[in-house]
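What follows is a set of notes on a single structure, which appears directly below.
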Amino acid sequence: MPKLIGTKKINIAVFISGKGSNFKNLIKHSFKKNSKFRISLVISNNSKAKGLNYAKKHNISKKIINYENIKKAEKNILKELKKSKIELICLAGFMRILSNNFIKKFKKKILNIHPSLLPKYKGLDTHQKVVDNKEKYSGCTVHYVSSKLDSGKIIMQKKIKVFRNDTSDKIAKRILKQEHLLYPKALKKVLISL
Ligand code: GRF
């Protein structure tokens, strides 16, 4: 029997670096009736990240982290997570790699969304690689974060078809739409298992 039914909401932090459409979408889902989570904190390494505007709009605490020194940056992040009693992290377009030390110290679950059918096309420029390699399918993956880039255990994936005349931009747009459906679903699956 899932333990979360009828109990308090899980406190989540979202980490972003850019436009934050996944962050915006997770906020929307957090406000839904029966939602099992609340977004209490957004962390960014980039003070100019457009997605930070959604934090302001919805009164979510935001912390900009100076990443000149990784050790200090991660120490600051851990401090903020503790302060806000964060119980799970969702990375959503966060362009920094979390160290093994950070993952060990946080101890709780960390999720990430990646715009490819992992284990294929880890890292950047995924859509261009898909076009170059004439792949018939691509998609997106929500996975647990491990110390190796885009390599943790897969939680859920969504596959889409790639057409012959597709460009990386067209694929990126279609996959982003699917990301917005997949991330809340995968998060729900994780929260039910907690
Ligand atoms: C998404 O494609 C996500 O899969 C990748 O970075 C992008 C972030 O987009 N990790 P947004 O900032 O959520 O709009």
Worksheet item: How many residues does segment 119-174 hold that are of a type in the set (D, E, K, R), at pLDDT 95 or above and under 26 Å from residue 109 (Cβ atoms)?
Response: 5
Worksheet item: Looking at (1) crowded, with 21+ Cβ neighbours inside 10 Å; (2) within 12 Å of the ligand (Cβ to nearest atom), can you tell me which one residue 130 breaks?
Response: (2)
Worksheet item: Is there any pair with a first residue in segment 169-194 that is over 11 Å from residue 26 (Cβ atoms) and touching a residue at least 12 places away in the same chain (Cβ under 8 Å) and a second that is among the small types (Gly, Ala, Ser) and part of a helix (DSSP H, G or I) whose Cβ atoms are under 9 Å apart and which are 6 or more apart or on different chains, and what are they?
Response: 176/21
Fill in: segment 77-115: number of residues that are in a helix (DSSP H, G or I), in contact with a strand residue (DSSP E or B) (Cβ under 8 Å, 6 or more places away or on another chain) and not β-branched (Val, Ile, Thr)
3
Worksheet item: Which one of these does residue 81 not meet: (1) closer than 22 Å to residue 180 by Cβ; (2) touching a residue at least 40 places away in the same chain (Cβ under 8 Å); (3) of a type outside the set (Ser, Thr, Tyr)?
Response: (1)
Worksheet item: Could you say which residue among 153, 109, 158, 122 is within 14 Å of the ligand (Cβ to nearest atom), closer than 18 Å to residue 187 by Cα and surrounded by fewer than 21 Cβ atoms within 10 Å (Cβ to Cβ)?
Response: 158
Discussion item. Just to check your reading of the model, which residue among 69, 76, 45, 59 is within 16 Å of the ligand (Cβ to nearest atom) and either without any contact (Cβ under 8 Å) to a residue 12 or more places away in the chain or surrounded by 12 or more Cβ atoms within 10 Å (Cβ to Cβ) (or both)?
Written reply: 45
Discussion item. Take the conditions away from the ligand (no atom under 11 Å from the Cβ), hydroxyl-bearing (Ser, Thr, Tyr) and under 19 Å from residue 142 (Cα atoms) and apply them to residue 30. Does it pass?
Written reply: yes
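The values are calculated or read from the model by the stated rules, or taken from the named source; none is laboratory data. Quantities reported herein were computed from a predicted structural model and do not represent experimental measurements. Cβ: placed from backbone, ideal geometry, glycine included. Neighbour counts: every protein chain shown.
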